[in-house]
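The values are calculated or read from the model by the stated rules, or taken from the named source; none is laboratory data. All figures in this text were calculated on a predicted structure; none of them were measured in a lab. As a convention, Cβ positions derive from the backbone with ideal geometry for all residues, glycine included, and neighbour counts pool all protein chains shown. Side chains included, ligands, DNA and RNA excluded: accessible areas come from the protein's heavy atoms. Shrake-Rupley method; radii C 1.70, N 1.55, O 1.52, S 1.80 Å.
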Amino acid sequence: MATEENLESMIVQNVLKELAKNGFLQNVKTASVPQVSETPTHRSIVNDADEYIELPPISEILIHEPIHKETVAALKAMTPARIGVGRAGPRYRTTTLLHYLADHSQAQDAVFLDVSDEFLQRMGIFEVQTQVSDREEHLTRPDLGCRLSREAREKISVNCKKNVQVQVFVADGLSSKAIESNVAELLPALIQGLQGEGITDIGTPFFVKYGRVRVEDEIGILLNAEVVVELVGERPGLGTANSLSAYIIYKPTEKTVEADRTVVSNIHMGGTPPVEAGAFLAGLIKDILKAKTSGIKLTTG
Amino acid sequence: MRDRNRDELISVGIDIGTTTTQVIISKLTLENLAGRFSVPRVQITQKEILYRSAIHFTPLIEHHLIDAPAVAALLSAEYSKAGFTTGEIDTGAVIITGETAKKENAKAVISQLAGFAGDFVVATAGPKLEAIMAGKGSGAQAYSVKHKKTVINIDVGGGTSNYVVFNNGKVVDTACINVGGHLVELEPLGSRVAYVAPAARKVMRECGLTIEPGQTAAYADLKKITDKMAEAVVAVFAGTPGQGMAGELMMTEDLRRDYILDTVMVSGGVADFVYDQEARALSMEEVSRYGDIGPLLGVSLHKAVLESGLFVARPEETIRATVIGAGSQSLEVSGSTISVVEDLLPLTNIPVVKPFAGLAPADPAKVKTLVERSLEISGFEDTSVALAIAGPADMSFNSLQSLARGLTAGLTREIERGRLIIIVLEQDCAKALGQSIKHLIPGNRSIVCVDQVLVEDGDYIDIGKPIIGGRVVPIIVKTLVFNRPDND
């Protein structure tokens, strides 16, 4: 008797073969090609048999014989939402379902995978950890993700300058993919922008594993930084798993509340491009330093 | 400090056409639509027309000069009637259209008038822009967005008919034909011919008619002429291109016709007679009441347009389409993260040069060569030019640095001569590119870098002072090409 896992794999294989036979899938490769395609519009699925297939791009109209095809295309171009996908009876068509599963998997990967060592090495930034001990706890105990471990406090104190004007750091938050796909473009643009504004007293950036937004308060207090900028991975959705936010705070204290933070969200290639976001943040930080406040007081004051 | 999330601009539109001159004043509301937690996204959210002038006859001296003092007087009278002073006008456009654009002093009059009309009021002309403004003002553009259709708007004026094709809001084609309601002038309420424009002579010849000024024209003969004209107007988009009367009267290239039209809309003064059900049977007095054959051309067009096989949609504006297009549709806003030095603005009449066909090359040396070559070819010696660039090779920090290096190298001569560095990007990266260039030439305070604006080689661009707390700049893209005088 087949275990449930085997059964599932069997179904998937049969469905894929059937689809290929009917010409629903382009480019089915039976050879063993384990790597994943990097073309973003053609997501790939690798199944147990190392078979790999490419799905048609998500922009494809799946409605059967649409009367106004161009109208559907125009509407689809306005949103990443899954519209104009047709249906099979009351359900999704197979391509839609597979895209959905692929996107859902990406979202899960973003939450469950670590930011790679290779990435941190390439960026030349050191890593510290919050009081969270593993991924499971990171998800269930947000309070611990707001506090640095004792080792982290020591490492930061040793490696970072105190009393700087601007301290930038990176935290995985809920998407390690957001970090890996945006920080390398954003950070140099931010630093170049700050220097261009005459702000040169910038602290050494580092990475906080299992970090939440509020960990920036402790870091700000520890380093007595005037402005703290946290680049943190946003909770992934089915539209994108790569979205990054910047939480900026002026002189955080134990009494800091959420309204004291200035937030810039939706930083990714499909939103505000990370380079442009870096340049924008530089100007925003200049305003915060000038106003000596951040968050709601900055917008209304 | 003004509100950082909302701003209002008073915009004037002035249309000096073959037959009529009109003024409108409108209020444009700009708002930051992004939430507190995002990078700003400023858009024009409302366009309200505050004042519509009467429709005046364009003051001309003989048939070849615009009566500039009379036009200026007309404009000041309208401003005071509307309750506005020049100082209160933030922006707008003066457009000189149709046959009037061919007058000897057209260029001089329009630039003087733009200066007189307000601070950031720009001068525009050319059949392409005229067509686009009319199509925006008539509502054809909005219609194409709302119904997701390909719509052709024909603005039938006194001297010319201007075509613009919109597909889902985008301009895909334009053309212009020398057909209009004022090409044959009549004694008002009578039947004596007062003037016959050269284009009308061609039509008459085709109809086997010769009617000279001073003669009396028969209704049937005039109808033959307007039928022929209407046939030519429709042939441009529904017939065989370049053939017969249409081919002879075209003032621009033919429409490309590489798209399928769904809908036709007619605007301009003549349009009222196209859509008016009661105007089908006109008496001679009704035909000549405006001193030309306009009403009759409308009647002829009604039939011709219906026979084109396209769906005939009703415009929101007819005779005022162009002036409304100029007054409330010509201004756009840049992207909301830009890099500009306020003191340098406004900039007007900046010629656009497009150095790369697609995205910029990744190699700075290649960027340099292409920039230098495009500047040389364009040959603008005594003015700063705007470089139009789709975007860097890719949206990475390194590619932006390469682009900045290549641009700075390619613009060395311009920089040495004290010219401004004006970059107009399509993709959202103006702030980052601006700061990258500044990083390479520290201390240079003459960099204007804006994005999310579509411009083409040969366009001209006007860039206004920043609004909404300095977040965006107003931009007017235009073509300054004046019509070539035809052989009269």
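Restricting the calculation to Cα atoms, every distinct pair contributes to the Kirkwood radius of segment B:139-316, found to be 16.2 Å. For chain B, DSSP calls about 65 percent of its internal beta bridges antiparallel.
Normalised radius of gyration (Cα atoms, divided by 2.2 N^0.38 Å) for segment A:117-300: 0.94. Sorting B:471-478, B:16-23 by their mean Cβ neighbour count within 10 Å, with the most densely packed peptide first, gives B:16-23, B:471-478.
Using the Cβ-Cβ distance between A:Lys290 and B:Leu306 with R0 set to 51 Å, the FRET efficiency works out to roughly 0.20. Between B:Glu253 and B:His439, the C-beta separation translates, for a Förster distance of 45 Å, into a calculated FRET efficiency of about 0.55. Peptide B:134-147 has a mean shielding of 0, counted as Cβ atoms of other protein chains within 10 Å of each residue's Cβ. Between B:Ile377 and B:Ile260, the FRET efficiency estimated from the beta carbon spacing at R0 = 41 angstrom works out to 0.70.
Only the Cβ atoms of Lys and Arg (+1) and of Asp and Glu (-1) were treated as charged; on that basis the dipole of the protein assembly as shown about its Cα centre amounts to roughly 760 debye. When both bridge partners sit in the protein assembly as shown, DSSP labels roughly 65% of those beta bridges antiparallel.
Take the alpha-carbon positions of the protein assembly as shown, form their convex hull, and give its projected area averaged over all directions (one quarter of the hull surface) in nm².
Details: hull surface 161.2 nm².
Dividing the Cα hull surface by four gives the mean projection, 40.3 nm².
Using only the alpha carbon atoms of chain B, find the Kirkwood hydrodynamic radius as the inverse mean reciprocal pair distance, in angstroms to one decimal. Display every interim value, and only then the final one.
Values: mean 1/r = 0.0423 Å⁻¹.
About 23.6 Å, per the Kirkwood formula over Cα pairs.
Full extension of the chain between A:Glu197 and A:Ser133 gives 19.1 nm of extra length, using 0.36 nm per residue less the Cα-Cα distance.
In whole angstrom, how far apart do the alpha carbon centroids of segment B:156-206 and segment B:389-410 sit? First find each Cα centre; the distance between them is then 47 Å.
Highest first, please rank the peptides B:80-88, B:161-169 by the mean number of other Cβ atoms sitting within 10 Å of their residues. Write out the running numbers ahead of the final one.
Working: B:80-88: 12.8, B:161-169: 24.6.
Output ranking for B:80-88, B:161-169: B:161-169, B:80-88.
For a straight C-alpha distance cut-off of 17 angstrom, the lysines reachable from B:Lys228 (same-chain residues fewer than eight places away being disregarded) are B:Lys202, B:Lys303. Within segment B:397-424, name every residue whose backbone N is under 18 Å away from a label modeled 7 Å from Cα of A:Met269 along the Cβ vector. Only B:397-401 fall inside the zone, counting backbone N under 18 Å. In this view, the solvent-accessible surface of B:Leu261, computed with a 1.4 Å probe and all protein chains in place, comes to about 30 Å².
Taken as Cα centroids, segment A:278-301 and segment A:46-108 sit 41 Å apart, rounded to the nearest whole angstrom.
The residue among B:Ala217, B:Thr100, A:Pro90 whose Cα reaches farthest toward the positive pole of the charge dipole of the protein assembly as shown, with charges on the beta-carbon of Lys, Arg, Asp and Glu, is A:Pro90. The stretch between A:Ser105 and A:Ala184 holds 26.1 nm of extra length on full extension. This uses 0.36 nm per residue minus the Cα-Cα distance. Inter-chain neighbour count for A:275-285: the average number of beta-carbon atoms from partner chains within 10 Å of each residue's beta-carbon is 6.
In nm, what is the difference between 0.36 nm times the number of residues separating B:Gln215 and B:Ser80 and their Cα-Cα distance?
Values: separation 135, 0.36 × 135 = 48.60 nm, distance 4.21 nm.
Roughly 44.4 nm would be gained on extension.
Here the mean projected area of the convex hull built on the C-alpha positions of segment B:1-155 is 11.0 nm². Using the Cα centre of the protein assembly as shown as origin and beta-carbon charges of +1 (Lys, Arg) and -1 (Asp, Glu), tell me which of B:Ser144, B:Pro346, B:Val455 is placed farthest towards the positive end of the dipole. Farthest towards the positive pole: B:Pro346. Computed from Cα atoms, the angle from the helix B:430-440 axis to the main principal axis of chain B rounds to 50 degrees.
Among the residues of A:66-79, the average count of other protein chain beta-carbon atoms within 10 Å of the residue beta-carbon is 2. About its Cα centre, segment B:139-316 has a charge dipole of approximately 360 debye under the convention of +1 per Lys or Arg Cβ and -1 per Asp or Glu Cβ, with nothing else charged.
Here the peptides A:214-227, B:323-336, B:371-384, A:266-279 are ranked by packing, the mean other Cβ count within 10 Å, and the order with the highest first is B:323-336, A:266-279, A:214-227, B:371-384.
Along its principal axes, segment B:347-463 has C-alpha extents of 33, 29, 25 angstrom, given from the largest down. The modelled label-to-label distance for the pair B:Val341/B:His147, using points 7 Å beyond Cα in the direction of Cβ, is 5.0 nm. Which angle between 0 and 90 degrees, to the nearest 10, do you get for helix B:219-238 versus the longest principal axis of chain B when only C-alpha atoms count? For B:219-238 against chain B, the angle is about 30 degrees.
Dipole of the protein assembly as shown computed with +1 at Lys/Arg Cβ and -1 at Asp/Glu Cβ about the Cα centre; of A:Ala225, B:Met204, B:Asn398, farthest Cα towards the positive end is A:Ala225. For segment B:289-295, the Karplus equation 6.51 cos²θ - 1.76 cosθ + 1.60, evaluated at θ = phi - 60°, returns couplings of 5, 9, x, 7, 8, x, x Hz by residue, with Gly and Pro reported as x.
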